[in-house]
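Just below is one structure, and these are the notes that go with it.
The values are calculated or read from the model by the stated rules, or taken from the named source; none is laboratory data. Since the model is a prediction, treat every value here as computed from it, not as a measurement. Because the Cβ atoms are built from the backbone with ideal geometry, glycine has one as well, and the counts that use them run over all protein chains shown.
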Amino acid sequence: MTPGSPPNPLLSPWTAPYGLAPFAQIRPEHFEPALTQAMQEHRAALDAIAANPQAPDVDNTLAAFDRSAGRLRRVAMVFHNLCSSEASPELQEVQRHMAPVLAAHYSAVYLHAGLFRRIAALHERRAGLGLDTEQMRLLERVHLDFVLSGALLPAAAQARIQQIAQELAACQTAFGQNVLHDESHWSLVLRDESDLAGLPEFVRSAARMAAQQRGLGDVHAITLSRPLILPFLTFSERRDLREQAWRAWVGRGAHPGEHDNRPLIARILALRHEEARLHGCANYAEYALVDRMARTPQAVDRLLDEVWNRAKPVVERERATLEAMQRAAGVDAPLQAWDWRHWEEKLRQRDFAIDDAEVKPYFPLQAMVQAAFDCAQRLFGLRFTPREDLALYHPDARAYEVHDRAGRAVGLFIQDNFARTTKRSGAWMSSLAVQTRNGGEVLPVILNTNNFAKATPTLLGFDDVRTLFHEFGHGLHGLLSNVTYTQLAGTSVLRDFVELPSQLFEHWMAEPEVLRRHARHVETGEAIPQALVDRLRAAERFGEAYETVRYCGSAIVDMAVHRHPDPASVADWSAFEEQVLRERGLPDATGINHRLTHFQHLFSSSAYAAGYYVYLWAEVLDADAWDAFREAGDPFDAAVAQRLQRCIYSVGNSVEPGAAFRAVSGRDPVIEPLLRQKGLL
C-alpha cells in the first residue's frame, strides 16, 4: 500500500452485521495484498504453535491450529465466492496469479514439520488423553489431512508434491475460466417467429431477458445457461436450431485456441497420477478414496454397475418409443441427442397430460423460495427474515436473517438465483463465515447460488425447484451446524456424505402437502389443482432412467480417467471418453451429463475428482433415510425431524458418517429404497 492511499478494506475491521465483508469498497486489486498479509499471519501462527515449549495438548496444538487461519479463511472465502459469482476480467487475472500462490501456502501448512511433530505426538497417545468425541474426531481428521498431504514422505517427495499443488491450482483455475468464457460468449439469436416455433411464453420471456442482458437488441437469445438451453432443447420445433444449441452445450471447452481445455485435462490427470504414485497408490482414484465412505474403487464400481445395468434396458425401451413417435410425426431421421428431450416432452404430454407450459405458472421463483423456508421452519423451527439493509456483492443477491424456534440468531442466509455472464454455470452452496465456538462464537453466513434464467416473472420447472431445494439442503447443513471446531463444521464432511443433507431435502419439494400450500398460479393465486398434482405424482419416475444413465455415464468416465495406469500415454482424452462409453454400452442418443472438456466437478478443483459417484452414493443414503418419514406416516414428523437435525444436519464432521447415518435409520444403508425410488427394482 502506497503512503496516503486509502486502507485496504479487506484488512480493516469488518463491522457489518454477521461480519459481512464491505463489498461496496472491495476492488480486485485489494485481494493480493490482503491474501499475502493473511498468509504471513497464518505462517507466523503455525510457527508459534510449533515453537511452543510446552508439551502438546488439545488447546495449545489442536485447537490453536483450528484457530490459526482466521483472517486468511475470511478473506479467501470472499475471494473465491466473487471469482465464482461476479468474476470481472480484472478479478480473473488476480485469480490466475494467486491460485498457485495459495496452493503453495496450503501445501506448506500440511508439510510443516514442527507442527506435524506435535500433532503426531498427540495422535500416538490419543487413547490416553481423555478426549471427548469431537476432540478425538478432530485429532484423527487433522492427522489424516497431514498424512494425505505428504507429511510422512521423504523431503524430495514433499518438494515435488508442493510443485504439483501449485501447477494443479493454475491448471484448474484456467479450466474453470475457459468454461466460463465459452458460456458467456456464445448465444443463439432467434430473430423471428419461425425461430421461436414451439417455445412457450416462459422460454420466450427468459430469452428476451437474456438478449437484453447481452446487449443484442430487440431479439431473443438462447444462452448456455442450463435453465435456458434445456427448455429450448425440450420445446423448440426447429430441429436444426436444437442441434446448434446442443453442439454448443456439449462443446464447451473443446475449441482450439487459448480457451481449449483438452491440453489442461491431460496435464491435470498426469499431475494427479504422479501425486497418487508419490503416496504409494496405483492411481488417483485409489488415493482419493482413502478418505471417502466408499474406501475403494471396487466399491464404487459395484454401486455404479448395479444402477447402470438396471437403467440401460429401460432407456433402450424408452428410445424405441421416442423413435416411433418421431417417425409417426413424419421425421425421417435417426433419433439424436438433440431430439431426446423434445420427444420425451411430447411423450410426457401424451401419457400423463403434463405440459411444462401448464405446470410452470404454479412455480414462481419467490413462492418456491418461501416453500423451502416453510419446510425448514416446520422441520427444524427456523425462521427467515429478509435483511434488505445489508450491502451484498450483487443486486441479485438477497439476504435473510435466520432464527431458531426460541428466537436465537442462527446465522445469515444469502441467495443469488439468476444467471449472468460473470457467474460460472451450475448451482452450489458456499460460505462467507463458518460456524465455530473455538476462540469465540461465530455464526455461519451461508450462500446458495443458482443460475435460473431471469424473466418477468421467473417461473421454475420441476427440475429447477429440485435444484433450489437441493442447494437449500446444503445451506441448512451449514446453518444448523453446532460444533466447536471450524474444521469439523457444517459441510466439512466426507465427500460421499456431503450430498446426503441436500438430496434428502429434495423430497419435500414434491410432497402433496407442500405443493398444495405453495404451488399457486402466478396470475390467479389459485392453488395447484389436485388433478395436476396427481398427474405430476404419476409421472414422478418419468424420464428417471434417462437421467440415471446420463449421470452414471459421467461417473463411469470419471472413475476410468482417474484409474488409468498411465495417463501420459493417452493422446486424446475425448476419444478415450467415447471409447469407455462405447464399451460400457451407453444407449444411443442419450449423451451424458458432463463431457470431460467442461466437467468442472473434476477439473476446476480436485473436490469431486474420482468422486462424481458421490451423488449416487448419497442417494442410497437419502432414499433409505427418507423411509424413516414414510414409516412415521408424516413428512414432517417431529421426532424423526429432531433426530435428523441432531444426527445429520448439526454434527458436521464431528461424528463418523456411518455412525451418524445409523443414528437416524437404525441400521446401515441398503440399496433397495433407491432402486424402488427410481423405478428400477
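Residues checked against (1) modelled with pLDDT of 95 or more; (2) surrounded by fewer than 19 Cβ atoms within 10 Å (Cβ to Cβ); (3) under 22 Å from the mean Cα position of the chain (by Cα):
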site: Trp246; (1), (2), (3): yes, no, no
site: Gly253; (1), (2), (3): yes, no, yes
site: Leu278; (1), (2), (3): yes, yes, no
site: Cys281; (1), (2), (3): yes, yes, no
site: Arg302; (1), (2), (3): yes, yes, no
site: Ala324; (1), (2), (3): yes, yes, no
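Keeping to region 56-87, report how many residues are without any contact (Cβ under 8 Å) to a residue 40 or more places away in the chain, among the aliphatic types (A, V, I, L, M) and surrounded by fewer than 21 Cβ atoms within 10 Å (Cβ to Cβ).
The qualifying residues number 0.
How about region 1-112: which helices (runs of 4 or more DSSP H) wholly inside it have at least 3 residues that are hydrophobic (A, V, I, L, M, F, W, C)?
Of the helices (runs of 4 or more DSSP H) lying wholly inside region 1-112, those with at least 3 residues that are hydrophobic (A, V, I, L, M, F, W, C) span 31-51, 70-85, 89-109.
Name the helices (runs of 4 or more DSSP H) wholly within region 220-302 that hold at least 2 residues that are among the charged types (D, E, K, R) and more than 29 Å from Thr467 (Cβ to Cβ)?
It comes to 262-278.
In this structure, does Pro565 turn out to be within 29 Å of Met368 (Cα to Cα) and surrounded by fewer than 21 Cβ atoms within 10 Å (Cβ to Cβ)?
Considered against the rule, which asks whether it is within 29 Å of Met368 (Cα to Cα) and surrounded by fewer than 21 Cβ atoms within 10 Å (Cβ to Cβ), Pro565 comes out as no.
Considering (1) under 25 Å from the mean Cα position of the chain (by Cα); (2) surrounded by 15 or more Cβ atoms within 10 Å (Cβ to Cβ); (3) over 27 Å from Ala174 (Cα atoms), say which one Arg295 fails and leave the rest.
Going through the list (1) under 25 Å from the mean Cα position of the chain (by Cα); (2) surrounded by 15 or more Cβ atoms within 10 Å (Cβ to Cβ); (3) over 27 Å from Ala174 (Cα atoms), Arg295 breaks only (2).
Among all residue pairs at least 6 apart or on different chains, which show Cβ distances below 6 Å where the first residue, located in region 248-266, is of a type in the set (S, T, N, Q) and the second is surrounded by 15 or more Cβ atoms within 10 Å (Cβ to Cβ) and modelled with pLDDT of 95 or more?
As it stands, the answer is Asn261/Phe175; Asn261/Asn178; Asn261/Gly253; Asn261/Thr597, since those pairs meet every condition given.
For region 601-615, check the following and say yes or no: at least one residue is buried (at least 21 other Cβ atoms within 10 Å of the Cβ), at pLDDT 95 or above, in a helix (DSSP H, G or I) and touching a Lys or Arg at 6+ places or on another chain (Cβ under 9 Å).
Yes, there is a match, as at least one residue in region 601-615 is buried (at least 21 other Cβ atoms within 10 Å of the Cβ), at pLDDT 95 or above, in a helix (DSSP H, G or I) and touching a Lys or Arg at 6+ places or on another chain (Cβ under 9 Å).
Looking at region 415-433, can you tell me whether even one residue there is touching a Leu at 6+ places or on another chain (Cβ under 8 Å), outside any loop (DSSP other than H, G, I, E, B) and either without any contact (Cβ under 8 Å) to a residue 24 or more places away in the chain or β-branched (Val, Ile, Thr) (or both)?
Checking region 415-433: not a single residue is touching a Leu at 6+ places or on another chain (Cβ under 8 Å), outside any loop (DSSP other than H, G, I, E, B) and either without any contact (Cβ under 8 Å) to a residue 24 or more places away in the chain or β-branched (Val, Ile, Thr) (or both).
Quick check, is Leu46 in contact with a helix residue (DSSP H, G or I) (Cβ under 6 Å, 6 or more places away or on another chain), among the hydrophobic types (A, V, I, L, M, F, W, C), touching a residue at least 12 places away in the same chain (Cβ under 8 Å) and outside the structural domain of His97 (by TED's automatic domain parsing)?
No: the conditions fail for Leu46.
Taking only region 476-498 into account, find how many residues are part of a loop (DSSP other than H, G, I, E, B) and aliphatic (A, V, I, L, M).
Number satisfying all stated conditions: 6.
Which numbered condition in (1) of a type outside the set (Ser, Thr, Tyr); (2) crowded, with 17+ Cβ neighbours inside 10 Å; (3) in the same structural domain as Asp291 (by TED's automatic domain parsing); (4) part of a helix (DSSP H, G or I) is the only one that Leu504 fails?
(3)
When residues of region 373-405 are filtered for being in contact with a Lys or Arg (Cβ under 6 Å, 6 or more places away or on another chain) and part of a strand (DSSP E or B), how many remain?
Number of matching residues: 3.
Go through region 434-466 and count every residue that is surrounded by 21 or more Cβ atoms within 10 Å (Cβ to Cβ), not in a loop (DSSP other than H, G, I, E, B) and not hydroxyl-bearing (Ser, Thr, Tyr).
So the count comes out to 10.
Return only the number of the condition from (1) of a type in the set (Gly, Ala, Ser); (2) at pLDDT 95 or above; (3) part of a helix (DSSP H, G or I) that Ala357 does not satisfy.
Every listed condition holds for Ala357 apart from (2).
Kindly indicate whether Gly591 is modelled with pLDDT under 95 and touching a helix residue (DSSP H, G or I) at 6+ places or on another chain (Cβ under 8 Å).
No, not satisfied.
Ala571 passes all but one of (1) out of contact with any Phe, Trp or Tyr (no Cβ under 8 Å at 6 or more places or on another chain); (2) surrounded by 15 or more Cβ atoms within 10 Å (Cβ to Cβ); which number fails?
Every condition holds for Ala571 apart from (2).
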